[in-house]
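See structure below.
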Amino acid sequence: AKNVNYIFNKNLKINSKILQKIDKKIIFKDSFITPCDLEGFFNCPTWSLKVKKTKYSIDEDYFEHFSTFLQVADKKIFYMPYFSHYGSKAPRQKGFLTPTVQLSNEVLGGNISVPYYYPISTQTDVKITPIIYFDQSLTRYFENELEFRHKIKEGDIKLTLNNFYDRRSQGQIDKGYSFDAEANLNLNKNNNIDIDLNYTSNISKYKSDNNSKAASLDSDITLNSYNFFNLNDLVITKISGSKALNTDINTSNPYELPSIRYINYINFKNNLTLNNDLKVDLISRNTSSNYLPMKIFRTNLMNSFQKNYNLYANYNLNNKLKFNNSFYVVEEGNVDTNIISGNSHDMASYISSEVNRVLKVKNRARLKPRAKLILSNISKGNDLSLNDNSQSLSFNYNNLFQENKYFGSDKKESSSRIVLALEQNYKLKNDLDLNINYGRSYNFEKNKKFMLDIKQDTKLSDHLTEISFSYKDNEINYNSRHDKKNFDLKEDSISYQFNDSKNIFNLNKELTSNDSYINSKSSHFMTANYKRKINKNSNFSYKTEINLEDNNKVYSQDYGLEFYDECSKIKLSYIINNYSDGKLLQPNKTLSISYELDFISGLN
C-alpha cells in the first residue's frame, strides 16, 4: 500500500509512503510517527519521528526503527541510527526508563540518572539506577541504586540497595551503602504481616566529615491478626528496634521485643457497647542512662462501657464507665543512673455522663450546648522513673471531653471535673458555612497532675476555641488556647486552603508559647504550598517551610515549573535545603530538569 495513514492503539499516528505486510510483520518506509495532536501547541506536533524504515512485529508488539530523526516542533534535533521499543500491548520488557538531570547540586555537582528496568519474570523485576556526576570522574565519586521487587500471591517483597564510592579527599576513600527490605504479606484471610528492615553502613553522603561512622540497624515487624479469638477483634504483635553498631554512639537505643496488643469491640442490645484494649510490651536496651531504664515490662488494659440514650426534645445522654489499669516492672541496669529498680501500678476508673441537645434557629443555625461530668479515681504505686510513652501533651477543644488526655499508658488524668461547651453551626447565603465551638473545664481540685503539666494553677481552665469557615473555594480551620486570666495566646494552629480552577494554595501555621506546658519551648512554624495553572499546558508550584520563631528562617524552598501537553512533559525544579547539623550536614541547593516523551520514554 502507498500513502498510508494508520492509527495504532488509538493514539500513535503513523503516516507512511509505503507499507508492506509480510506474514506477521509490517514494514513502514519514509514514515512520520507521533502520539501528539497534529495541530498542537506549536500548530504542529510537539514532537515526532521521521523514520526511514520501521519494522513492526504483530505477535510481539515490537517496533524497530532505522535512520531516525527526533523532531521537536518540526525541527530536527537528534539523529538515531537505530532504536527499538515495544507497544502498549506487549508484556513488560527490559529497557531504559525516563532519565533525570540535575544541572546543579551544590554539594556534589550536576548529575544524570538513567534507570534501567529488567523484568526477570511475570512476578519479579529489577531496576538499576546509576547516578553519574558531571563534576566528578567515575573513579572519584559514584552512586547506584538497585531495586528488586517480587510479587507473590500472598503479597509484595521489595529489596533496595543504595551505595556510593567517594575518594574526592586526597588519600581517603569512603564507601557507604544502605540496605532496605520491605514486605507486606497476607498469610491467610485473617493474618497480615508488615516487615521493614534497614541497615545503613555509615553517615550520609551529604556530610562533610566522613571520618565519623554511624552504622545502624533498624527493624520493624508487625503481625495483624483479625478475628483471633472472636469476631471483630484484632491482635497486633510488633517487634521493633534501632541499634547503633558503633558502641560509642546511641548505646541506649531501645528495642521493643515484642509488643502485643489485643482489641475487640462488642455491641450489646439497647445501645450498650464494650471496647477492650490490652497492650503488653517489653522495652530493652544494652545500656541504661538517666531516665532510660535497661528494661521495662509493661501491661495496660482499657475497658470502656458506653450506653447512649435518645431522650425527648432532641436530648442525648451518653454514659461511660472506663477502667484504665497499668502494671510495669523497671530494671535500672547501672548504678550511676537516677533510676530505681522495682515494680508499680497505675489503676484508674472514670465515670462520665454527657448531655447535649441540638437546637435549630430559623433553619440556618444550629446550636448544640454540651455538658459533661467526669468523676475519676486513681490508685498509684511506687513512683518509678520511666522512659514513659506519655511525654506528648495536648490541650485543645478536640480533646476537651476526653476522660484521660494523656497519651500512652504510663500517666492517667486524675482530676474530677465538669466540661461545658457550646457548638454553633451557621449556614448562610452564598455557600457560606461557619462553625464556632467554645469550651472550658472546671476541676473540683487544684494542682492536679495534668493541670500542672499544662501550667494551670486554678480550677477553671483556659479558653478553648475551634473555628471552621468555608466560603466557595476557601476553607479555614482554626484552633486556639487563651490564658484564663489575661487572654494571652498560649497555642494556636491555623490552616487555610484555597482551590479554584487555576490555583491551589495551602497554608499551615503552628504556635506554642513557653507558658503552654511544663518544660515546653516556644515554637512558631509555618508551611505553605502553592500551585498555579498558568494555562492548559503549564503550571507553577512553590513549597516552603519557615521557622517564624527564629527570625523567619527559611528551612526549605521548592520551586517547580512544568510544561506539558498530551504527549510530553518537561519539569524544572529548584530546591533550596537549609537544614544543617552543625558543620557535618551541609545545606544543599539543587536545580533539576526532566523531560518525558510519551511512547518512547523507555528505549532499547
Worksheet item: Quick check: is even one residue across region 445-459 open to solvent by 70 Å² or more (accessible area, probe 1.4 Å), within 28 Å of N508 (Cα to Cα), touching a residue at least 60 places away in the same chain (Cβ under 8 Å) and over 30 Å from the mean Cα position of the chain (by Cα)?
Response: yes
Response to the item:
Of the residues in region 128-141, those that are out of contact with any Gly (no Cβ under 8 Å at 6 or more places or on another chain) and open to solvent by less than 60 Å² (accessible area, probe 1.4 Å) number 5
Worksheet item: Which of the following residues is surrounded by fewer than 16 Cβ atoms within 10 Å (Cβ to Cβ), aliphatic (A, V, I, L, M) and touching a Ser or Thr at 6+ places or on another chain (Cβ under 9 Å): L311, L317, L301, L292?
Response: L317
Discussion item. Yes or no: region 41-59 includes at least one residue that is open to solvent by less than 20 Å² (accessible area, probe 1.4 Å), out of contact with any strand residue (DSSP E or B) (no Cβ under 7 Å at 6 or more places or on another chain) and not basic (K, R).
Written reply: yes
Practice prompt. State all residues of region 460-475 that are part of a strand (DSSP E or B) and without any contact (Cβ under 8 Å) to a residue 40 or more places away in the chain; if no residue qualifies, say none.
Written response: L460, H463, I467, S468, F469, S470, N474, E475
Item to complete: Return the total of residues in region 122-156 being among the acidic types (D, E) and modelled with pLDDT under 85.
Response: 1
Worksheet item: Yes or no: S326 within 25 Å of T222 (Cα to Cα) and part of a loop (DSSP other than H, G, I, E, B)?
Response: no
Discussion item. Given the criterion open to solvent by less than 20 Å² (accessible area, probe 1.4 Å), over 28 Å from N519 (Cβ atoms) and either outside any strand (DSSP E or B) or of a type in the set (D, E) (or both), identify the matching residue among E413, E403, E354.
Written reply: E354
Worksheet entry | Some residue of region 235-243 being surrounded by 14 or more Cβ atoms within 10 Å (Cβ to Cβ), at pLDDT below 90, in a strand (DSSP E or B) and more than 25 Å from the chain's Cα centre (by Cα) | no
Worksheet item: When residues of region 125-148 are filtered for being among the aliphatic types (A, V, I, L, M), assigned to a strand (DSSP E or B) and closer than 18 Å to G109 by Cα, how many remain?
Response: 2
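One line per residue, one yes/no per condition, for (1) touching a Leu at 6+ places or on another chain (Cβ under 9 Å); (2) aliphatic (A, V, I, L, M); (3) modelled with pLDDT under 95; (4) not in a loop (DSSP other than H, G, I, E, B):
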{"site": "N477", "(1), (2), (3), (4)": "no, no, no, yes"}
{"site": "R481", "(1), (2), (3), (4)": "yes, no, no, yes"}
{"site": "K484", "(1), (2), (3), (4)": "yes, no, yes, no"}
{"site": "S493", "(1), (2), (3), (4)": "yes, no, no, yes"}
{"site": "Y496", "(1), (2), (3), (4)": "yes, no, no, yes"}
{"site": "F505", "(1), (2), (3), (4)": "no, no, no, yes"}
{"site": "K509", "(1), (2), (3), (4)": "yes, no, no, yes"}
{"site": "N519", "(1), (2), (3), (4)": "no, no, yes, no"}
Discussion item. Could you check region 538-580 and list, in sequence order, the residues that are over 23 Å from G110 (Cα atoms) and either modelled with pLDDT under 85 or among the acidic types (D, E) (or both)?
Written reply: E545, E549, D550, D565, E566, C567, S568
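The values are calculated or read from the model by the stated rules, or taken from the named source; none is laboratory data. What you see is a predicted model, and the numbers here were worked out from it, not measured in a lab. Every residue, glycine among them, receives a Cβ derived from its backbone with ideal geometry; neighbour counts consider all protein chains shown. For the accessible areas, the whole protein counts, side chains as well, though only heavy atoms, and no ligand, DNA or RNA atoms are used. Shrake-Rupley method; radii C 1.70, N 1.55, O 1.52, S 1.80 Å.
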